[in-house]
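Heads up, the thing below is written out as C-alpha coordinates.
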Amino acid sequence: MADLYTITDLRLSLADMTRKPLLGAAPRLEILKGLDFTIPKGAVVGIVGGSGSGKSTLGRALVRLLEPSGGSIRFDGTDITHLPEAELRPLRRRFQMIFQDPMSSLNPRHRVGRIIAEPMRLHGFDGVDARVARALDHVGLPQGFAGRYPHELSGGQRQRVGIARAIALAPDFILADEIVSGLDVSSQAQVLNLLEQLVADLGLTLAFISHDLSVIRRLCQRTIVLYQGAIVEDRATADLFSDPKAAYTRELLEAIPLPDPDQVWA
Ligand SMILES: Nc1ncnc2c1ncn2[C@@H]1O[C@H](COP(=O)(O)OP(=O)(O)OP(=O)(O)O)[C@@H](O)[C@H]1O
Ligand SMILES: [Mg+2]
(Lines give C-alpha, C1' and ligand atoms only; values in the text may rest on other atoms or scores of the structure.)
(Ligands and ions follow the chains in the order given, each with its own letter.)
Protein backbone atom coordinates (compact mmCIF):
# COMPACT_ATOMS: atom_id res chain seq x y z
CA MET A 1 0.00 0.00 0.00
CA ALA A 2 1.39 3.43 -0.90
CA ASP A 3 1.98 5.90 1.90
CA LEU A 4 -0.20 9.00 2.12
CA TYR A 5 1.99 10.57 4.80
CA THR A 6 5.71 10.13 5.39
CA ILE A 7 6.91 11.85 8.56
CA THR A 8 10.64 12.10 9.13
CA ASP A 9 12.29 13.43 12.32
CA LEU A 10 9.35 15.78 12.88
CA ARG A 11 10.14 18.48 15.41
CA LEU A 12 7.96 21.30 16.60
CA SER A 13 8.73 24.05 19.08
CA LEU A 14 6.34 26.64 20.42
CA ALA A 15 6.99 29.83 22.34
CA ASP A 16 6.40 29.32 26.05
CA MET A 17 4.31 32.40 26.79
CA THR A 18 4.14 31.55 30.48
CA ARG A 19 7.87 32.28 30.73
CA LYS A 20 8.07 35.24 28.38
CA PRO A 21 10.37 37.95 29.77
CA LEU A 22 9.24 41.59 29.61
CA LEU A 23 11.83 42.17 26.90
CA GLY A 24 12.82 39.77 24.16
CA ALA A 25 11.43 36.53 22.88
CA ALA A 26 9.78 33.83 24.95
CA PRO A 27 11.86 30.66 25.38
CA ARG A 28 10.99 27.85 22.98
CA LEU A 29 9.48 24.61 24.22
CA GLU A 30 10.10 21.54 22.11
CA ILE A 31 6.66 19.88 21.93
CA LEU A 32 7.41 17.23 19.27
CA LYS A 33 10.86 15.69 19.57
CA GLY A 34 11.72 13.94 16.33
CA LEU A 35 8.88 11.66 15.18
CA ASP A 36 9.22 9.10 12.39
CA PHE A 37 6.22 7.26 11.00
CA THR A 38 4.14 6.70 7.90
CA ILE A 39 0.40 6.58 7.27
CA PRO A 40 -0.48 4.25 4.39
CA LYS A 41 -3.39 5.16 2.10
CA GLY A 42 -6.63 3.79 3.48
CA ALA A 43 -5.25 3.18 6.99
CA VAL A 44 -7.02 4.01 10.23
CA VAL A 45 -4.32 5.00 12.70
CA GLY A 46 -4.90 5.70 16.37
CA ILE A 47 -2.84 8.28 18.25
CA VAL A 48 -2.93 7.89 22.03
CA GLY A 49 -1.05 9.36 24.95
CA GLY A 50 -1.61 11.26 28.16
CA SER A 51 -2.67 14.88 28.42
CA GLY A 52 0.08 17.14 27.12
CA SER A 53 1.90 14.35 25.27
CA GLY A 54 1.59 16.29 22.00
CA LYS A 55 -1.31 14.54 20.24
CA SER A 56 -3.13 17.69 19.16
CA THR A 57 0.12 19.41 18.24
CA LEU A 58 0.99 16.47 15.99
CA GLY A 59 -2.50 16.55 14.48
CA ARG A 60 -2.27 20.27 13.75
CA ALA A 61 1.14 19.79 12.16
CA LEU A 62 -0.20 17.03 9.86
CA VAL A 63 -2.84 19.37 8.46
CA ARG A 64 -0.36 22.28 8.54
CA LEU A 65 -2.23 24.43 11.04
CA LEU A 66 1.21 24.52 12.68
CA GLU A 67 4.55 24.74 10.88
CA PRO A 68 7.19 22.25 12.03
CA SER A 69 10.54 23.58 13.23
CA GLY A 70 12.46 20.56 11.95
CA GLY A 71 12.22 17.34 10.00
CA SER A 72 9.71 16.84 7.22
CA ILE A 73 6.12 15.97 6.40
CA ARG A 74 5.41 14.56 2.97
CA PHE A 75 1.77 14.32 1.89
CA ASP A 76 1.13 12.13 -1.15
CA GLY A 77 4.58 12.88 -2.53
CA THR A 78 4.62 16.63 -1.77
CA ASP A 79 6.85 18.06 0.94
CA ILE A 80 4.41 20.28 2.88
CA THR A 81 6.70 20.98 5.85
CA HIS A 82 7.27 24.64 5.04
CA LEU A 83 4.99 25.09 2.05
CA PRO A 84 3.71 28.68 1.87
CA GLU A 85 -0.03 29.23 2.30
CA ALA A 86 -0.67 29.97 -1.39
CA GLU A 87 0.75 26.59 -2.36
CA LEU A 88 -0.94 24.83 0.55
CA ARG A 89 -4.38 26.11 -0.39
CA PRO A 90 -5.21 23.54 -3.10
CA LEU A 91 -3.86 20.76 -0.85
CA ARG A 92 -5.92 21.90 2.15
CA ARG A 93 -9.05 20.43 0.61
CA ARG A 94 -7.38 17.03 0.74
CA PHE A 95 -6.56 16.96 4.49
CA GLN A 96 -9.39 17.85 6.82
CA MET A 97 -9.57 18.10 10.59
CA ILE A 98 -12.60 17.45 12.80
CA PHE A 99 -12.43 19.01 16.23
CA GLN A 100 -13.51 17.95 19.68
CA ASP A 101 -15.96 20.77 20.29
CA PRO A 102 -18.26 21.29 17.29
CA MET A 103 -19.96 24.21 19.05
CA SER A 104 -16.80 26.27 18.75
CA SER A 105 -15.89 25.08 15.25
CA LEU A 106 -19.33 25.71 13.69
CA ASN A 107 -20.34 29.32 13.10
CA PRO A 108 -23.34 29.84 15.45
CA ARG A 109 -24.87 32.50 13.17
CA HIS A 110 -24.95 30.30 10.07
CA ARG A 111 -27.42 27.58 9.21
CA VAL A 112 -26.12 24.05 8.75
CA GLY A 113 -26.51 24.18 4.96
CA ARG A 114 -24.27 27.22 4.73
CA ILE A 115 -21.77 25.77 7.20
CA ILE A 116 -21.32 22.71 4.99
CA ALA A 117 -21.41 24.73 1.74
CA GLU A 118 -18.89 27.43 2.61
CA PRO A 119 -15.63 25.41 2.39
CA MET A 120 -16.83 23.92 -0.92
CA ARG A 121 -17.45 27.44 -2.30
CA LEU A 122 -13.97 28.52 -1.17
CA HIS A 123 -12.52 25.57 -3.05
CA GLY A 124 -14.54 26.36 -6.17
CA PHE A 125 -16.88 23.36 -6.20
CA ASP A 126 -19.80 23.24 -8.64
CA GLY A 127 -23.29 22.06 -7.71
CA VAL A 128 -22.82 22.91 -4.06
CA ASP A 129 -26.48 22.53 -3.05
CA ALA A 130 -26.63 18.96 -4.33
CA ARG A 131 -23.36 18.21 -2.56
CA VAL A 132 -24.72 19.59 0.74
CA ALA A 133 -27.75 17.31 0.35
CA ARG A 134 -25.50 14.32 -0.30
CA ALA A 135 -23.25 15.14 2.66
CA LEU A 136 -26.26 15.35 5.01
CA ASP A 137 -27.39 12.02 3.64
CA HIS A 138 -23.96 10.48 4.22
CA VAL A 139 -23.98 11.43 7.90
CA GLY A 140 -27.58 10.38 8.47
CA LEU A 141 -29.13 13.81 9.02
CA PRO A 142 -32.52 14.67 7.46
CA GLN A 143 -32.42 17.26 4.65
CA GLY A 144 -34.42 19.69 6.80
CA PHE A 145 -31.38 20.11 9.02
CA ALA A 146 -29.82 22.35 6.37
CA GLY A 147 -32.10 25.11 7.65
CA ARG A 148 -31.22 24.72 11.32
CA TYR A 149 -28.69 26.57 13.44
CA PRO A 150 -25.99 24.73 15.45
CA HIS A 151 -27.66 25.57 18.79
CA GLU A 152 -30.79 23.77 17.62
CA LEU A 153 -28.89 20.47 17.37
CA SER A 154 -27.76 17.88 19.89
CA GLY A 155 -24.04 17.32 20.50
CA GLY A 156 -24.05 14.19 18.36
CA GLN A 157 -25.90 15.96 15.54
CA ARG A 158 -23.43 18.85 15.64
CA GLN A 159 -20.56 16.42 15.38
CA ARG A 160 -22.27 14.89 12.34
CA VAL A 161 -22.38 18.36 10.77
CA GLY A 162 -18.63 18.68 11.40
CA ILE A 163 -18.11 15.35 9.68
CA ALA A 164 -20.43 16.32 6.80
CA ARG A 165 -18.50 19.55 6.26
CA ALA A 166 -15.23 17.62 6.11
CA ILE A 167 -16.34 14.80 3.81
CA ALA A 168 -18.20 17.18 1.45
CA LEU A 169 -14.76 18.30 0.27
CA ALA A 170 -13.92 14.72 -0.79
CA PRO A 171 -10.69 14.70 1.22
CA ASP A 172 -8.07 11.93 1.18
CA PHE A 173 -7.32 12.29 4.87
CA ILE A 174 -9.29 13.15 7.98
CA LEU A 175 -7.74 13.92 11.32
CA ALA A 176 -10.25 13.48 14.17
CA ASP A 177 -9.07 14.98 17.46
CA GLU A 178 -11.04 13.63 20.45
CA ILE A 179 -14.24 14.04 18.45
CA VAL A 180 -16.44 11.96 20.73
CA SER A 181 -15.03 13.03 24.10
CA GLY A 182 -17.79 15.55 24.73
CA LEU A 183 -20.64 13.17 23.89
CA ASP A 184 -22.69 10.77 25.99
CA VAL A 185 -21.98 7.07 25.53
CA SER A 186 -24.78 6.29 23.08
CA SER A 187 -24.00 9.31 20.82
CA GLN A 188 -20.33 8.32 21.00
CA ALA A 189 -21.13 4.87 19.68
CA GLN A 190 -23.31 6.30 16.90
CA VAL A 191 -20.71 8.82 15.74
CA LEU A 192 -17.96 6.18 15.81
CA ASN A 193 -20.07 3.72 13.84
CA LEU A 194 -20.75 6.45 11.31
CA LEU A 195 -17.07 7.29 11.02
CA GLU A 196 -16.17 3.64 10.55
CA GLN A 197 -18.80 3.34 7.81
CA LEU A 198 -17.62 6.48 6.01
CA VAL A 199 -14.00 5.41 6.06
CA ALA A 200 -14.98 2.15 4.39
CA ASP A 201 -17.45 3.68 1.91
CA LEU A 202 -15.35 6.68 0.87
CA GLY A 203 -11.93 5.04 1.07
CA LEU A 204 -10.67 7.66 3.53
CA THR A 205 -7.43 7.59 5.45
CA LEU A 206 -8.06 8.44 9.09
CA ALA A 207 -5.93 9.47 12.05
CA PHE A 208 -7.94 9.23 15.22
CA ILE A 209 -6.69 10.96 18.35
CA SER A 210 -8.18 9.67 21.57
CA HIS A 211 -7.37 8.97 25.17
CA ASP A 212 -10.02 6.21 25.15
CA LEU A 213 -8.22 2.96 24.45
CA SER A 214 -11.41 0.94 24.05
CA VAL A 215 -12.42 3.20 21.15
CA ILE A 216 -8.95 2.95 19.59
CA ARG A 217 -9.03 -0.80 19.93
CA ARG A 218 -12.26 -1.07 17.98
CA LEU A 219 -11.54 1.53 15.30
CA CYS A 220 -7.81 1.51 14.50
CA GLN A 221 -5.71 -1.24 12.92
CA ARG A 222 -2.57 0.51 14.08
CA THR A 223 -1.79 2.67 17.08
CA ILE A 224 0.92 5.21 17.79
CA VAL A 225 1.64 5.89 21.47
CA LEU A 226 3.03 9.32 22.30
CA TYR A 227 4.82 10.14 25.51
CA GLN A 228 6.25 13.59 26.18
CA GLY A 229 6.40 14.46 22.49
CA ALA A 230 8.04 11.24 21.31
CA ILE A 231 6.73 7.97 19.89
CA VAL A 232 7.23 5.14 22.37
CA GLU A 233 5.31 2.51 20.43
CA ASP A 234 3.87 2.20 16.90
CA ARG A 235 2.32 -1.18 16.17
CA ALA A 236 -0.68 -3.15 15.09
CA THR A 237 -3.36 -2.37 17.67
CA ALA A 238 -4.03 -6.04 18.45
CA ASP A 239 -0.33 -6.63 19.25
CA LEU A 240 -0.15 -3.49 21.34
CA PHE A 241 -3.05 -4.66 23.48
CA SER A 242 -1.92 -8.26 23.82
CA ASP A 243 1.78 -7.54 24.30
CA PRO A 244 2.62 -3.89 25.03
CA LYS A 245 6.37 -3.29 24.68
CA ALA A 246 6.83 0.16 26.15
CA ALA A 247 6.47 0.61 29.90
CA TYR A 248 4.34 3.66 29.24
CA THR A 249 1.92 1.67 27.07
CA ARG A 250 1.53 -0.89 29.86
CA GLU A 251 0.75 1.96 32.25
CA LEU A 252 -1.87 3.34 29.88
CA LEU A 253 -3.48 -0.07 29.52
CA GLU A 254 -3.50 -0.64 33.26
CA ALA A 255 -4.78 2.82 34.11
CA ILE A 256 -7.87 2.59 31.96
CA PRO A 257 -10.57 0.03 32.69
CA LEU A 258 -11.16 -1.78 29.43
CA PRO A 259 -14.71 -2.85 28.81
CA ASP A 260 -15.39 -5.47 26.19
CA PRO A 261 -15.12 -3.50 22.92
CA ASP A 262 -18.19 -5.29 21.53
CA GLN A 263 -20.22 -3.97 24.44
CA VAL A 264 -19.12 -0.37 23.95
CA TRP A 265 -20.29 -0.42 20.37
CA ALA A 266 -23.52 -2.30 20.82
N1 LIG B 1 0.32 27.40 21.90
C2 LIG B 1 1.13 26.76 22.77
N3 LIG B 1 2.19 27.39 23.32
C4 LIG B 1 3.01 26.74 24.20
N5 LIG B 1 2.83 25.47 24.56
C6 LIG B 1 1.81 24.79 24.06
C7 LIG B 1 0.89 25.39 23.14
N8 LIG B 1 -0.03 24.46 22.80
C9 LIG B 1 0.29 23.34 23.48
N10 LIG B 1 1.39 23.54 24.24
C11 LIG B 1 2.05 22.54 25.11
O12 LIG B 1 2.42 21.46 24.28
C13 LIG B 1 2.27 20.23 24.95
C14 LIG B 1 1.45 19.30 24.12
O15 LIG B 1 0.12 19.83 23.99
P16 LIG B 1 -1.00 19.12 23.15
O17 LIG B 1 -2.20 19.99 23.19
O18 LIG B 1 -0.46 18.74 21.82
O19 LIG B 1 -1.22 17.79 24.00
P20 LIG B 1 -2.36 16.69 23.88
O21 LIG B 1 -1.65 15.38 23.87
O22 LIG B 1 -3.27 17.00 22.76
O23 LIG B 1 -3.11 16.84 25.29
P24 LIG B 1 -4.68 16.63 25.65
O25 LIG B 1 -4.85 15.14 25.80
O26 LIG B 1 -4.82 17.32 26.96
O27 LIG B 1 -5.51 17.22 24.57
C28 LIG B 1 1.66 20.57 26.31
O29 LIG B 1 2.71 20.57 27.26
C30 LIG B 1 1.11 21.96 26.13
O31 LIG B 1 1.15 22.68 27.33
MG1 LIG C 1 -5.30 17.46 22.61
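The values are calculated or read from the model by the stated rules, or taken from the named source; none is laboratory data. Here the structure is a predicted model, which means the values were calculated and not measured. Cβ sites come from the backbone with ideal geometry, for glycine too, and all protein chains shown count toward neighbours. Calculation scope for accessible area: heavy atoms of the full protein, side chains included, ligands and nucleic acids excluded. Shrake-Rupley method; radii C 1.70, N 1.55, O 1.52, S 1.80 Å.
If one puts a single equal scatterer on every Cα of the stretch 105-170 and applies the Debye formula without solvent, what log₁₀ I(q)/I(0) results at q = 0.23, 0.26, 0.28 Å⁻¹?
For the requested q values the scattering log ratios are -0.89, -1.15, -1.34.
Accessible area per residue for the stretch 105-170 in Å², computed with a 1.4 Å probe and the full protein assembly in place, what is it?
48 Å²
Cα atoms only: what Rg and Dmax, in Å, come out for the stretch 56-123?
13.9, 41
May I ask you to give the percent of accessible area on the chain that is carbon plus sulfur, with a probe radius of 1.4 Å?
50 percent
Per residue, how much accessible surface does the stretch 1-79 expose to a 1.4 Å probe? Answer in Å², no decimals.
Using a 1.4 Å probe on heavy atoms only, each residue of the stretch 1-79 averages 47 Å².
Explain nothing, just the number: relative contact order of the stretch 118-266, from Cα pairs under 8 Å at least 6 residues apart, as a whole percent.
17 percent
Please report the net charge: other residues with Cβ closer than 9 Å to the Cβ of N107, K and R +1, D and E -1.
Computed value for this residue: +1.
Straight-line reach from K245: which lysines fall under 28 Å, measuring Cα to Cα and dropping same-chain residues less than 8 apart?
Partners within reach: K33, K41, K55.
Per the helix-only calculation at 222 nm, which mean residue ellipticity applies to the chain, given -39500 (n - 2.57) for every DSSP H run of n ≥ 4 and division by its residues, nearest 500 deg cm²/dmol?
-10500 deg cm²/dmol
Need one value: the accessible area of F145 in square angstrom, 1.4 angstrom probe, rounded to the nearest 10.
That residue has around 20 Å² of solvent-accessible surface.
Tabulate in residue order the Karplus-calculated ³J(HN,Hα) for the stretch 229-235, using 6.51 cos²θ - 1.76 cosθ + 1.60 with θ = phi - 60°, rounded to whole Hz; enter x for Gly and Pro.
The phi angles translate into x, 10, 7, 9, 7, 8, 8 Hz.
For Cα pairs less than 8 Å apart in space and 6+ apart in sequence, what is the mean separation divided by the residue count of the stretch 105-170, i.e. the relative contact order in percent?
Working: 68 pairs, mean separation 31.1, N = 66.
Over the stretch 105-170, the number comes to 47 percent.
Rg and Dmax of the stretch 141-224 over Cα atoms: what are they, in angstrom?
When restricted to the Cα atoms of the stretch 141-224, Rg and Dmax are 13.0, 40 Å.
If one computes the Cα centroid of the stretch 86-151 and of the stretch 59-78, what distance in Å separates the two points?
Cα centroid to Cα centroid, the span is 24 Å.
What does the accessible area of R217 come to, in Å² to the nearest 10, when a probe of 1.4 Å is used?
It works out to around 110 Å².
Let a ≥ b ≥ c be the square roots of the eigenvalues of the Cα gyration tensor of the stretch 12-92; is it rounded (a/c under 1.5), or, if not, prolate (a/b larger than b/c) or oblate?
Values: a/c = 2.60, a/b = 1.47, b/c = 1.78.
Cα axes put the stretch 12-92 in the oblate bin.
What residues have an amide H closer than 5 Å to that of I47, excluding those fewer than 5 places away on the same chain, when H is modeled at 1.01 Å from N in the peptide plane?
Distant-sequence amide H within range of I47: F208, I209, S210, I224.
Could you order M17, M103, M120, M97 so the one with the most accessible surface comes first? Probe is 1.4 Å.
M17, M103, M97, M120
Highest mean first, how do 70-81, 167-178 rank when packing is the count of other Cβ atoms within 10 Å averaged over residues?
Going from most to least packed, we get 167-178, 70-81.
Please arrange T237, T8 by accessible surface area, largest first, computed with a 1.4 Å probe and ligands excluded.
Values: T237 5, T8 65 Å².
Heavy-atom accessible area, descending, gives T8, T237.
Would you please put 187-193, 19-25, 201-207 in order of how densely packed they are, using the mean number of other Cβ atoms within 10 angstrom per residue and starting with the highest?
Averaged packing, sorted descending, gives the order 187-193, 201-207, 19-25.
For the stretch 111-122, what does the Karplus curve 6.51 cos²θ - 1.76 cosθ + 1.60, with θ = phi - 60°, yield as ³J(HN,Hα) per residue in whole Hz, taken in order and with x for Gly and Pro?
Once rounded to whole Hz, the list reads 6, 3, x, 6, 4, 6, 6, 4, x, 5, 4, 4.
With the cut-off at 1.5 for a/c, could you classify the chain from its C-alpha gyration tensor as rounded, prolate or oblate?
oblate
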